Amino acid sequence: MTALKIGIVGAGSRIRDYSGDIFRRLPHKYQVAGFTTRDAKRATALSNSLGYEYFQSYRQLANVCDAFLIVVNAGAIVTGN
C-alpha cells in the first residue's frame, strides 16, 4: 500500500506538537509532501524543526499531494491576522 501524500495548510504549534508526531509514527500510511503558510517566520521554523518542504501557495502544494490537512487558527480567519 502506498502512503497517502499529505499537504499541510498552516504551520503553528498544532502541527509541531501533534500532527507532526502522528505522521512520524505512521510513515507507512502518511507522507508529508510539504506545507504552506502565510507566515514566513513560521514557515522557516517548521521547515527547520520537522524538515517539511515549504510551498509558497496551496496551488503549488496541490500538485504534489493527495489530500490537504488544514490546521489553522480559526480566530486568524475571522480577524484576518
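The values are calculated or read from the model by the stated rules, or taken from the named source; none is laboratory data. If you're wondering where the values come from, they're calculated on a predicted model, not measured in any experiment. Note that each Cβ is placed from the backbone with ideal geometry, even for glycine, and that neighbours are counted across all protein chains shown. Ligands, DNA and RNA are excluded from the accessible area calculation, which covers all protein heavy atoms including side chains. Shrake-Rupley method; radii C 1.70, N 1.55, O 1.52, S 1.80 Å.
Computed in the context of the full set of protein chains, the accessible area of the chain at 1.4 Å probe radius has 51% of its extent on carbon or sulfur. With each label modelled as a point 7 angstrom along the Cα→C-beta vector, the Arg16-Arg38 pair spans 2.0 nm.
Within the set [x] 12.2, 42; [y] 17.9, 61; [z] 12.9, 42, the number that Rg and Dmax of the Cα atoms in Å takes when calculated for this structure is listed as [x].
Calculated accessible area for the chain comes out at 69 Å² per residue, all protein chains present (probe 1.4 Å; ligands, DNA, RNA ignored).
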